[in-house]
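Below: the structure, in structure tokens.
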Amino acid sequence: MWNKYGVFCILMIFSLLLSCKGEDVHKGRTPVACIGDSYLYKDEVELMFAIYGNGVDSVRFVKNYVERWAVEHLFYNKATENVASTVDVESMVDKYRRGLILSMYQDGLVSQQLLSDISMTDIEDFYNENGTMFEVEEPIFKGLLLKVSGKSPNIGRVRSWCIRRNVDDLESIEKYSLVNEAFYNSFLEEWRPVSDIAKQTPLTEYQLNERLKKRETIEFKHGGYTYFVCADSMIQQGGIKPLEMVEHEVKELLVNSKRADFIKNKKRSLYDDALKSGEIIIF
């Protein structure tokens, strides 16, 4: 492997072998390759090596980079020779640029004004009127999972903590899991699919879901461990997702439904203001 000094030496060899135009063309920069009036300079290659050349053979890196640069320029030159003269590339580029700028400006207007105009009442009204749009595709619940070694002490107390689940109990469960052979997964503030939690137990999704339908807290033993799974809240397949899960989605739906009229009104207002101010003169 070579260091930056090695790269410098290689580039100097390239530049000495190169026969291109005079120094005044390069404005103090050192060329290492040229194709017609296009030049690749030593500082450009050094920059690329500094970014991407860590741990790479410097000779190979410089050779490959110069070769890729040359091939790209040769291919571009061939393309310009063969593209039909009827294709107005500059016009196409200008249209694309205008479209991109307009899109960015419109997105900015929507973010700054339309989004802030949508209230929580708007979101709640849409959610209540279109609840069927947010049906749960699989059972979800909020709760916790605790897996405790059969050798761990005070299983009875752990069971009581899991059943009650008040603030002190949850703190006790967390402390217990840190000092004993246990795995603790709390998702009391987050909706999780039953299928995700089932993967952390010996039960199938169906088995876990059926047991949680009957009891908020279930307990079972497997492979020398005792499992506690608790469900504070649960929604079965076909139920409606709670608003907290879909609030952002609802807001996006409202924005999209109002976006076209919003932009149309902005354009009309801009046009009317320009007419009044004399910015537009129609003959």
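Give Lys147/Lys175; Lys151/Lys213; Lys95/Lys276; Lys147/Lys221 a once-over and call out the pairs whose C-alpha atoms are over 20 Å from each other.
In this structure, Lys151/Lys213; Lys95/Lys276 exceed 20 Å between Cα atoms.
Mind listing the Cα extents of the chain along all three principal axes, in Å, largest one first?
Principal extents (largest minus smallest coordinate, Cα): 89, 71, 35 Å.
Once Lys and Arg get +1 and Asp and Glu get -1 on their Cβ, which of Val25, Met48, Thr201 lies farthest toward the positive end of the dipole of the chain?
Working it through, the farthest residue towards the positive pole turns out to be Thr201.
Within the range 136-184, list the GluC sites (Glu not before Pro) lying in a DSSP loop whose Cβ has at most 13 other Cβ atoms in a 10 Å radius.
Passing both the DSSP loop test and the Cβ count: Glu137, Glu181.
If the only charges are +1 at each Lys and Arg Cβ and -1 at each Asp and Glu Cβ, what is the size of the charge dipole of the chain around the Cα centre, to the nearest 20 debye?
The calculation lands at about 840 debye.
Mind jotting down the distance between the C-alpha centroids of the range 54-96 and the range 200-227, whole Å?
61 Å
Kindly provide the helix-only [θ] at 222 nm of the chain, computed as the sum of -39,500 (n - 2.57) over DSSP H runs of four or more divided by all residues, to the nearest 500 deg cm²/dmol?
-18000 deg cm²/dmol, from helical runs alone.
Using a Förster distance of 30 angstrom, determine the FRET efficiency expected from the C-beta separation of Ser152 and Asp196, and round it to 0.05.
Given R0 = 30 Å and the Cβ-Cβ separation, E is 0.75.
Tally Lys/Arg at +1 and Asp/Glu at -1 over every other residue whose Cβ is under 12 Å from the Cβ of Leu170; what's the total?
-3
Please list, ordered by chain and number, the residues whose modelled amide H lies under 5 Å from the amide H of Thr30; skip anything fewer than 5 residues away on the same chain.
Lys42, Asp43
Going by alpha carbons, how many degrees (0 to 90, nearest 10) lie between the helix axis of 205-214 and the longest principal axis of the chain?
Helix 205-214 and the main axis of the chain meet at about 40 degrees.
For Glu181 paired with Asn64, estimate the spin-label separation in nm (one decimal), with each label point 7 Å from Cα along the Cα-to-Cβ line.
Those two pseudo-labels are separated by 5.0 nm.
Mind checking which of Leu146, Gly131, Gln106 is farthest towards the positive end of the chain's charge dipole, using Cβ charges of +1 (Lys, Arg) and -1 (Asp, Glu) about the Cα centre?
Leu146
Just check the range 43-117 against the gyration tensor rule for me: Cα atoms, a ≥ b ≥ c as the square roots of the eigenvalues, rounded for a/c under 1.5, and otherwise prolate or oblate depending on whether a/b exceeds b/c.
oblate
Count the net charge of all other residues whose Cβ sits under 12 Å from the Cβ of Glu124, scoring Lys and Arg as +1 and Asp and Glu as -1.
Result for the neighbourhood of Glu124: -4.
Taking only the alpha-carbon positions of the range 161-240 and ignoring solvent, what does the Debye formula give for the base-10 log of I(q)/I(0) at q = 0.14, 0.22 Å⁻¹?
-0.49, -1.21
Given the Cα-Cα distance of Gln236 and Thr80 and 0.36 nm per residue of separation, how much length would full extension add, in nm?
50.0 nm
Going toward the positive end of the dipole of the chain, with +1 on Lys and Arg Cβ and -1 on Asp and Glu Cβ, which of Thr121, Tyr271, Asn77 do you reach last?
Asn77
Give a quick list of trypsin sites (Lys or Arg not before Pro) in the range 150-199 that DSSP marks as loop, anything other than H, G, I, E or B, with at most 14 other Cβ atoms within 10 Å.
Lys151, Lys199
Ranking Trp161, Trp191 by Cβ neighbours within 10 Å, fewest first, what do you get?
Final ranking by Cβ density, sparse to dense: Trp191, Trp161.
Could you work out how much longer the chain between Asn130 and Ser257 gets when fully extended? Use 0.36 nm per residue separation minus the Cα distance between them, nm to one decimal.
Extending this stretch completely gives an extra 44.3 nm.
In whole angstrom, how far apart do the alpha carbon centroids of the range 108-147 and the range 153-199 sit?
Value for the Cα centre distance between the two parts: 28 Å.
Where in the range 48-75 is the amide nitrogen less than 11 Å from a point lying 7 Å along the Cα-to-Cβ axis of Val25?
The answer is none.
Bear in mind that the values in this text are calculations on the coordinates, not laboratory data. Small disclaimer: the values here were computed from a predicted structure and weren't measured. When we count neighbours, we look across all protein chains shown, and the Cβ atoms used for this are built from the backbone with ideal geometry, even at glycine.
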